[in-house]
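A.B. asks: Before I ask anything, here is the structure I am working with.
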Amino acid sequence: MLLIGNSQLGLNPPDVAEGLEAISRAAFGGASVLIVDRFQMFGFGCNAFATGGDDAGRWPNGLAAAADDYDVVILLPAIGETRGDEACWQRFRDAAEGAGARFGVMATADERFSFPRGFTSLHEGIGGYTSDNGLLFVPAGDAWLRYLNATGADRRDLYASDSSHPGVAGDLLYVYTLYGALTGRPTVGMPKDVVELRCAPANLADGSCLDRDELAACVDDNGFNSCDSSIVDRSPGNGMHFGPNDGGGGRVAFVTDAQALAFQQAADAALAGR
């Protein structure tokens, strides 16, 4: 399958496409394994996706979506897009379906407006478009809202250090919602940790990532790093640590068992509510 989007696909790490593929291999004994590619253009939206290309030539004229290579194509519109942009969304739908792929659209998290207006606006616009056209809808922003409303958690816990891009925790919630939408399987019972979301590719390759138990040992009751910084910094990488917006700077975006279960429950509720 192919995911098309901007920074909402991750800061690499975290990497939504790699995380989705990895968790599919582990979830329910690999019952629904997904092979996931991504086309990512940071800072842009649908119109730029439609006119851009990549080095592999996968996007000649911007509309070679799927090109017989994919069974599913998911578009992640930019957070400011509305149904006024659906003509562009439709171009990707036509290309994907013309190549024999199923087409879907994912609504992400949007804090441009006073909370929760950005979330609901994006959810309603994309949800309306997919409903009117009988398309797959991935309500990931709604899953975020359901989690936040159910737990009263701090929204910053889902973001990277800039408080606007999803961090490790937020992207794990994206991955759960994507997996459930694509497979029809419940997300409760899925793995609670995806190392590809919190570890840089170089550290994955050389085996220097901390496993979940090692990382847990480095997080104190207040969410701060209690281990030597050179050890922890080796594993989490970009998007793992909170920056000055948290008032402290040393917190680690470690997903606890209880938080992961709450993510899964929120994803299942969002999918049931489509």
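The values are calculated or read from the model by the stated rules, or taken from the named source; none is laboratory data. It should be emphasised that the depicted structure is a prediction, and the values quoted were computed from it without experimental measurement. All Cβ positions, glycine included, derive from the backbone under ideal geometry; neighbour counts span all protein chains shown. Accessible surface areas use protein heavy atoms only, side chains included; no ligands, DNA or RNA. Shrake-Rupley method; radii C 1.70, N 1.55, O 1.52, S 1.80 Å.
A.B. asks: Residues of the range 1-29 being more than 17 Å from A48 (Cβ to Cβ), among the small types (G, A, S) and at pLDDT 90 or above, which ones?
C.D. replies: Residues of the range 1-29 more than 17 Å from A48 (Cβ to Cβ): 1, 10-29.
Next cut, among the small types (G, A, S) only: 10, 17, 19, 22, 24, 26-27, 29.
Passing the criteria: A17, G19, A22, S24, A26, A27, G29.
A.B. asks: Any idea which of (1) closer than 13 Å to F263 by Cβ; (2) assigned to a helix (DSSP H, G or I) is the one G141 doesn't satisfy?
C.D. replies: The number of the failed condition is (1).
A.B. asks: Looking at the range 153-213, what helices (runs of 4 or more DSSP H) fall wholly within it and have at least 2 residues that are in contact with a Phe, Trp or Tyr (Cβ under 7 Å, 6 or more places away or on another chain) and open to solvent by less than 10 Å² (accessible area, probe 1.4 Å)?
C.D. replies: Passing ranges, in order: 168-183.
A.B. asks: When you go through A109, A96 one by one, which is the residue that is open to solvent by less than 40 Å² (accessible area, probe 1.4 Å) and either modelled with pLDDT under 90 or among the polar types (S, T, N, Q) (or both)?
C.D. replies: On inspection, the qualifying residue turns out to be A96.
A.B. asks: What pairs come out if I take residues in the range 23-45 that are without any contact (Cβ under 8 Å) to a residue 24 or more places away in the chain and pair them with residues that are of a type in the set (A, V, I, L, M) and open to solvent by 20 Å² or more (accessible area, probe 1.4 Å) whose C-beta lies under 8 Å away, six or more apart or interchain?
C.D. replies: From residues that are without any contact (Cβ under 8 Å) to a residue 24 or more places away in the chain, the pairs are R25/V33.
A.B. asks: Within the range 116-145, count every residue that is within 16 Å of the chain's Cα centre (by Cα) and more than 13 Å from W89 (Cβ to Cβ).
C.D. replies: Going through the range 116-145 one residue at a time, the tally reaches 10.
A.B. asks: Continuing with this model, one more query. Taking the condition of being outside any helix (DSSP H, G or I) and open to solvent by 60 Å² or more (accessible area, probe 1.4 Å), how many residues in the range 117-138 meet it?
C.D. replies: Residues in the range 117-138 being outside any helix (DSSP H, G or I) and open to solvent by 60 Å² or more (accessible area, probe 1.4 Å): 1 in total.
A.B. asks: Checking the condition more than 15 Å from L76 (Cα to Cα) and over 16 Å from the mean Cα position of the chain (by Cα), which residue from R102, R112 passes?
C.D. replies: Being more than 15 Å from L76 (Cα to Cα) and over 16 Å from the mean Cα position of the chain (by Cα) holds for just one of R102, R112, which is R112.
A.B. asks: Restricting attention to the range 1-48, report how many residues are under 21 Å from S164 (Cβ atoms), open to solvent by 10 Å² or more (accessible area, probe 1.4 Å) and of a type in the set (A, V, I, L, M, F, W, C).
C.D. replies: Total satisfying the criteria: 5.
A.B. asks: For the range 214-225, how many residues meet the condition of being surrounded by fewer than 18 Cβ atoms within 10 Å (Cβ to Cβ) and not acidic (D, E)?
C.D. replies: 5
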